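A quick write-up on the structure given underneath.
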Amino acid sequence: MKCMNIIAVLDPAGEKMLMCLRRKNPYKGLLNLVGGKIEPGEESEQAAYRELQEETGITREQISLLHFCDFTYYTFDIRLEVWFGRLDEMCEVYGEENELKWIDMKENFFDMTRFAGEGNIGHIAEELRQAGLAP
């Protein structure tokens, strides 16, 4: 089974979520959470911090990540790990692969004309709210 991760990063106030504007398929032109592949033999937590730093410049010293939930897609033989973290303090973010944007948590993340993931980002945002991790 292929293993991947996505990371929901909130600003220190919890008012905005960091997203990337996809430059390639799948979901080219849509906003998505940052993340990527978990390498064979790599620990899940290590992969989440590695992908976060590679795609945003955010380091382990700037954020604590929580393994929030997983989605398993048996048809595609993929497990997608969802990680969550809130920055300790605001920092500069940068991405070479995709443009990064801070999106207000009041947005409708279920809008599939703007957001990738077939509604999963909306589901994740709602679950973070229900868990008291986001406003």
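The values are calculated or read from the model by the stated rules, or taken from the named source; none is laboratory data. The structure presented is a predicted model; accordingly, all values stated were derived computationally and were not measured. So basically every Cβ, Gly included, is an ideal-geometry build from the backbone, and we count neighbours across all protein chains shown.
A few comments on the model shown:
- Exactly one residue out of GLU96, GLU92, GLU81 is more than 14 Å from ALA134 (Cα to Cα), touching a strand residue (DSSP E or B) at 6+ places or on another chain (Cβ under 6 Å) and not β-branched (Val, Ile, Thr): that is GLU81.
Listed here are the residues, each with its yes/no results for (1) hydrophobic (A, V, I, L, M, F, W, C); (2) closer than 18 Å to ILE121 by Cβ; (3) without any contact (Cβ under 8 Å) to a residue 12 or more places away in the chain; (4) in contact with a strand residue (DSSP E or B) (Cβ under 8 Å, 6 or more places away or on another chain).
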position	(1), (2), (3), (4)
VAL34	yes, yes, no, yes
PRO40	no, no, yes, no
GLU43	no, no, yes, no
THR56	no, yes, no, yes
ARG86	no, yes, no, yes
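- Residue check, ALA8 among the aliphatic types (A, V, I, L, M), crowded, with 19+ Cβ neighbours inside 10 Å and either without any contact (Cβ under 8 Å) to a residue 40 or more places away in the chain or part of a helix (DSSP H, G or I) (or both): no
- Scanning region 55-104 for residues that are among the aliphatic types (A, V, I, L, M) and out of contact with any Ser or Thr (no Cβ under 9 Å at 6 or more places or on another chain) yields ILE58, ILE63, LEU65, LEU66, VAL82, LEU87, MET90, ILE103.
- Region 22-39: number of residues that are farther than 16 Å from LYS101 by Cβ and modelled with pLDDT of 95 or more: 4
- Only residues that are modelled with pLDDT of 95 or more, farther than 15 Å from TYR27 by Cα and touching a helix residue (DSSP H, G or I) at 6+ places or on another chain (Cβ under 8 Å) were counted in region 101-135, giving 2.
- Conditions (1) in a helix (DSSP H, G or I); (2) out of contact with any Gly (no Cβ under 7 Å at 6 or more places or on another chain); number of the one not met by GLY29: (1)
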